[in-house]
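Undergrad: My questions all concern the structure below.
The values are calculated or read from the model by the stated rules, or taken from the named source; none is laboratory data. These numbers come from a predicted model, not from an experiment. As a convention, Cβ positions derive from the backbone with ideal geometry for all residues, glycine included, and neighbour counts pool all protein chains shown. For the accessible areas, the whole protein counts, side chains as well, though only heavy atoms, and no ligand, DNA or RNA atoms are used. Shrake-Rupley method; radii C 1.70, N 1.55, O 1.52, S 1.80 Å.
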Amino acid sequence: MSKELTKEKVVLAYSGGLDTSVCIKWLQNEMNLDVIAMLGNVGQEHDGLEKIAEKAKMLGCVAVEVVDMVDEFASEYLTCAIAANAMYENKYPLLSALSRPLISAHLVDVAHTYGAAYVAHGCTGKGNDQVRFETSIATLDPSLKVIAPVREWDLGMRPDEIAYAKANGVPVAQSIEKPYSIDDNLWGRAIEAGVLEDPWAEPPADIWTMTCDPVDAPNEPTYVEVGFKAGVPCSLDGAKMPLPALIAQLNGIAGENGFGRIDMIENRYVGLKSRECYEVPAGLALIQAHKALEDLCLERDVLHHKLALEQLWADQVYNGRWFSPFKQALDAFMSSTQQQLTGAVKLKFYKGGCVVVGRSSAAALYDAALATYDNDDAFDQKAAKGFIDIQGLSLKTWATKKAALEAPSQSAAFDVVAGTQPVAYGKAVNY
Ligand code: ARG
């Protein structure tokens with residue numbers, strides 16, 4: 001058998017960019033592996049997956065797998081994110097964090113198909129994405145070995161990488177210095193690095209591609225009615241459509257009105273703070289609408305506890321624990337709260353803003369007869385007195401006793417009984 005045939009295989013998550021292209025060569029040259037490139041479509045901007053697949057073949061990959069993940073991303077990942085009103089640190093709708101476990105699951109599948117012992121990704125050692133890939137892969141198949149070339153290679157900074165690329169026949173575009181690091185998918189775009197590393201510097205206009213500057217947005221508001229079925233967005237202005245199409249259409253409407261930008265300082269799982277900008281026009285609007293429908297339909301205790309669990313869900317997903325049993329249990333809770341969540345929410349977009357201006361559902365727990373201040377009020381106002389007396393009884397008892405203990409005559413009486421200093425709140429008392 002020739003030596004070539006005995007090579008082990010690695011499946012690489014390939015984007016077509018410089019880093020992952022150099023990864024192909026590095027895995028071949030330094031690790032002596034046969035490289036299978038996996039190219040995932042998660043709804044990102046790209047200039048042709050076929051072209052990228054060609055590039056992978058040109059770089060000597062023994063196989064290239066192009067996997068369309070958009071429908072699965074929407075139905076298995078974004079629906080869960082919407083159910084959990086996914087928002088890390090109450091601001092970041094988790095767009096990159098949501099795509100990593102999906103891509104990881106397909107890497108594992110492709111590795112199994114080809115009998116590969118290794119999988120590889122092009123993440124650096126400073127970010128969250130390496131954690132998400134490797135934790136997901138370890139959970140799905142603990143026997144697979146992960147290689148992270150960018151973290152391991154000694155190519156130092158960009159110039160060394162470019163030199164290695166050129167020496168190994170990796171095409172290097174003329175204007176290689178991309179000013180930002182960008183990750184995008186159906187849910188939105190993440191933009192970091194470059195001038196954004198200065199938290200004081202206003203994001204330059206050229207980082208935004210999905211949203212216009214609110215200053216340039218139309219002077220008239222745009223209204224959109226979002227329909228939900230069991231918690232999942234299913235229609236816009238009454239027109240039913242699959243989730244990916246709905247998100248794409250709403251991205252257009254929200255973006256034209258300058259809505260969907262985020263500029264934040266974020267706590268990465270690896271311990272550092274980073275400045276991140278995001279564009280998530282449809283995502284932010286859908287979560288806002290979804291919350292409004294929940295306000296209308298969820299029983300109070302469910303809603304209140306859900307708010308707390310949503311934070312835990314977001315932390316799990318941000319920290320790469322998509323496939324954890326805890327995250328699965330949280331999903332089960334979220335899902336049980338969504339069954340009756342069918343209805344519509346009216347959104348008003350205007351000059352960079354999006355507000356909920358109406359909500360309606362057959363499952364609404366809002367009862368106009370109870371809420372009204374009109375004559376046909378069904379709420380028994382007289383019964384409120386008994387409710388307040390009983391619910392406040394423990395406090396009333398406590399306050400009464402406190403006042404008695406603090407009264408001068410009573411303190412003296414206690415002194416006689418206990419033979420100690422007068423009782424003083426906040427001070428040590430010896431009996
Ligand atoms: N900070 C975000 C996260 O951890 C976005 C990371 C996006 N990656 C990038 N290469 N821009 O989810």
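Undergrad: With a cut-off of at least 2 residues that are open to solvent by less than 20 Å² (accessible area, probe 1.4 Å), name the helices (runs of 4 or more DSSP H) lying wholly within segment 119-218.
TA: Counting at least 2 such residues, we get 129-140, 158-167.
Undergrad: If a residue has to be among the acidic types (Asp, Glu) and assigned to a strand (DSSP E or B) to count, how many in segment 252-267 make the cut?
TA: The total comes to 2.
Undergrad: Quick one: count up the residues across segment 271-282 that are within 29 Å of Val355 (Cβ to Cβ) and either within 11 Å of the ligand (Cβ to nearest atom) or open to solvent by 10 Å² or more (accessible area, probe 1.4 Å) (or both).
TA: The qualifying residues number 4.
Undergrad: Out of Asp301, Asp331, I need the residue that is away from the ligand (no atom under 16 Å from the Cβ), touching a Cys at 6+ places or on another chain (Cβ under 7 Å) and part of a helix (DSSP H, G or I). Which one?
TA: Asp331
Undergrad: Any chance you could count how many residues in segment 334-372 are outside any strand (DSSP E or B) and touching a strand residue (DSSP E or B) at 6+ places or on another chain (Cβ under 9 Å)?
TA: Qualifying residue count for the region: 9.
Here's the yes/no breakdown for (1) within 16 Å of the ligand (Cβ to nearest atom); (2) open to solvent by 30 Å² or more (accessible area, probe 1.4 Å); (3) not in a strand (DSSP E or B):
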| residue | (1), (2), (3) |
| --- | --- |
| Ser235 | no, no, no |
| Leu246 | no, no, yes |
| Leu250 | no, no, yes |
| Tyr269 | yes, yes, yes |
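Undergrad: Here is a follow-up. Identify the single condition in (1) open to solvent by less than 60 Å² (accessible area, probe 1.4 Å); (2) within 16 Å of the ligand (Cβ to nearest atom) that Glu294 does not satisfy, given that it satisfies every other one.
TA: Exception for Glu294: condition (2).
Undergrad: While we're on this one: Where the second residue is among the β-branched types (Val, Ile, Thr) and the first is modelled with pLDDT under 95 and lies in segment 30-55, which pairs have Cβ atoms under 7 Å and are six or more apart or on separate chains?
TA: Close Cβ pairs (under 7 Å, with a partner that is among the β-branched types (Val, Ile, Thr)) amount to His46/Ile52; Leu49/Val66.
Undergrad: Is it the case, given these coordinates, that Leu140 is touching a strand residue (DSSP E or B) at 6+ places or on another chain (Cβ under 9 Å) and away from the ligand (no atom under 16 Å from the Cβ)?
TA: Spelling it out, it is not the case that Leu140 is touching a strand residue (DSSP E or B) at 6+ places or on another chain (Cβ under 9 Å) and away from the ligand (no atom under 16 Å from the Cβ).
Undergrad: Of these, Thr113, Thr222, which one is closer than 28 Å to Val70 by Cβ, touching a helix residue (DSSP H, G or I) at 6+ places or on another chain (Cβ under 8 Å) and open to solvent by 20 Å² or more (accessible area, probe 1.4 Å)?
TA: The conditions single out Thr222.
Residue-by-condition table, conditions (1) open to solvent by less than 70 Å² (accessible area, probe 1.4 Å); (2) modelled with pLDDT under 95:
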position	(1), (2)
His305	no, no
Lys346	no, no
Tyr350	no, no
Val356	yes, no
Gln381	no, yes
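Results for (1) in contact with a Cys (Cβ under 8 Å, 6 or more places away or on another chain); (2) open to solvent by less than 10 Å² (accessible area, probe 1.4 Å); (3) in a helix (DSSP H, G or I), shown as yes or no for each residue.
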site	(1), (2), (3)
Leu27	no, yes, yes
Gly40	no, no, no
Glu54	no, no, yes
Glu72	no, no, yes
Leu98	no, yes, yes
Ile103	no, no, yes
His106	no, no, yes
